[in-house]
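Notes for the one structure printed next.
Every number in this text was worked out from the coordinates using simple rules, so none of it is lab data. What you are looking at is a predicted structure, and each value in this text was computed from that prediction instead of being measured. Please note: Cβ atoms are built from the backbone with ideal geometry, for glycine as well, and neighbour counts cover all protein chains shown.
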Amino acid sequence: MPSTRDIRRRIKSVKNTAQITKAMQMVAAAKMRRAQQAALVGRPYAQLLNEIMAEAAANMSGFDHPLMQSRPVVKRAVILVGTDRGLCGGLNSNLFREAAKLDKNTTVFVTAGRKASQFVARTKRQLNAEFSYQDIPLFSEARAISKLAQELFLTGAVDAVDILYPRFINTLTQQPEKVPFLPLGKLAAVTAGINAPKQELAESNTPEVFEFEPDEETVLGALLPHSLNFKMHQILLETKASEQSARMVAMKNATDNAKQIIKDLTLEYNKLRQANITKELLEITTAQMAVG
Amino acid sequence: MPTLKLEIITPSAKLFSDDVEMVTLTGIDGEMGIYPAHMPLMTQLVAGEITARKDSQNIHMAVGDGFVQITGGRVAILTDMAIKAEDIDEAAAEQARQRAEARLAEKLGDEETATVQASLLHALTQLKIKQRRRL
């Protein structure tokens, strides 16, 4: 039987924990709103980029960009986008469970986020490079990752690049998802899969013949890498939104649990306290009766 | 009078979306003026000024590098920076320029250099357009 003092001490410690998780929940909630906002403002841009790419694809006259070359896949690279910090529920473990399914020998990893590189190191997989990104991922951070992936692909070190990241569905649900990055198979699908809403291609499907200035190769040569960089950036933004949402939910659960425990412990403490008082009263009266 | 729909979109905002009579912009092959019923064209945009004429009034904007897509009735511009001339904060742009130049003097990695150069370009473009407007 624990003494009242033990229970009091436990209540205090649980209270402290609840305070911390509550604070983390608040911080995550604020950051989540910002991250979601950041992921959303890119939508019109993504949509227009989609349209331009689709129209460019429809107008290409047998032009083949090196980034579009599909080869038989012997070795593939996977860009694993995780978080920097833990305490975000099952977000990372769900993601890494998917990553663990990939063939160790033919897959090279490029990681973003500390947890992802830790996972790759721990499970002794091949790590090509690791990147980090900030709370609001910068475009330059995305560009660095995307550039490396393009280099790997163009030098022939790998024959395909995929991205594995926690897709943001809503605040309560995030799902690990693997999306193809390179080669750019069908141009039209380049930026689809980002959280862009269904694009309306109907009007732009009218067969118009585009002029390219100065020529196809130059314009596409700039457009394709740019769209890849942009896609990478969107994915980082989305991962951040997922992370903050998952953390907020996890911390909310932790706070709720702590509150429940405090309630139970307080009840137990009061019971014990009353039992002690009753016992003492009983002792006093018995003693008095014995004297009197 | 026939009009063109001009859309200027950056990753962080939709700066402009309106019907205009004419657009002047700097493409990779030089400055070009676009009137309604222009032939479909796709080209790269060079950092500089975009002028749109609406109701015989000129609207000036500073833009960064990007892409332009012209279809019959629409000009779509994707760029990494866009700001209206009257919204340019000259002091802020000047500060950004100095900051960027100071950063460039340091030793930087390739990635950082690219980022700093981009922001330097943005600042310079904004300053240039602000100054030109004043003349």
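Observations on the model:
- Partner lysines for B:Lys107 [C-alpha distance under 28 Å; skip if fewer than 8 residues away on the same chain]: A:Lys147, B:Lys128
- Rounded to 10°, Cα long-axis angle of helix A:91-100 versus longest principal axis of chain A: 50 degrees
- Over the protein assembly as shown, dividing the summed -39,500 (n - 2.57) contributions of all DSSP H runs of at least 4 residues by the number of residues returns a 222 nm mean residue ellipticity of -17000 deg cm²/dmol.
- Mean separation of Cα contacts under 8 Å, 6 or more apart, over the residue count of chain A: relative contact order %: 32 percent
- What the Cα atoms of segment B:39-135 give is an Rg and a Dmax of 15.3, 50 Å.
- The alpha carbon centroids of segment A:112-188 and segment B:39-109 are separated by 30 Å.
- For A:Ser132, the amide hydrogen comes within under 5 Å of the amide hydrogens of A:Gly113, counting only partners 5 or more places away or on other chains and with H modelled in the peptide plane.
- Each of A:Phe109, A:Ala99, B:Ile8 was scored by the projection of its Cα onto the charge dipole of the protein assembly as shown, and the greatest displacement toward the positive side belongs to A:Ala99; charges sit on the C-beta of Lys, Arg, Asp and Glu.
- Here is the tail figure for the protein assembly as shown: Cα pairs spaced more than 39 Å apart come to 36 percent of all pairs.
- Angle in degrees between helix B:110-134 and the longest Cα principal axis of chain B, rounded to the nearest 10: 60 degrees
- Chain A: most fluctuating residue of A:Glu280, A:Glu268, A:Glu213 per GNM, C-alpha cutoff 10 Å: A:Glu280
- Cα-only Debye scattering, segment B:88-134: base-10 log of I(q)/I(0) at q = 0.14, 0.17, 0.19 Å⁻¹: -0.33, -0.46, -0.55
- Mean partner shielding of peptide B:64-71, defined as the number of other chain Cβ atoms within 10 Å of each residue Cβ, is 5.
- At q = 0.13 Å⁻¹ the log10 of I(q)/I(0) for segment B:4-85 amounts to -0.32, computed by Debye summation with a single uniform scatterer per C-alpha, solvent ignored.
- Between 0 and 90°, nearest 10: helix A:216-291 axis offset from chain A longest Cα axis: 10 degrees
- Prolate/oblate/rounded label for segment B:23-63 (Cα gyration tensor, a/c 1.5): oblate
- Spin-label proximity, B:Glu94 to segment B:100-135 - amide N less than 12 Å from point 7 Å beyond Cα toward beta carbon: B:127, B:131
- The order of the peptides A:256-264, A:151-159 by mean Cβ neighbours within 10 Å, most packed first, is A:151-159, A:256-264.
- Residue by residue along A:227-236, Cβ atoms of other protein chains within 10 Å of the local Cβ number 1 on average.
- Residue exposure sequence - A:Ser3, A:Ser227, A:Ser245 - by fewest surrounding Cβ within 10 Å: A:Ser3, A:Ser227, A:Ser245
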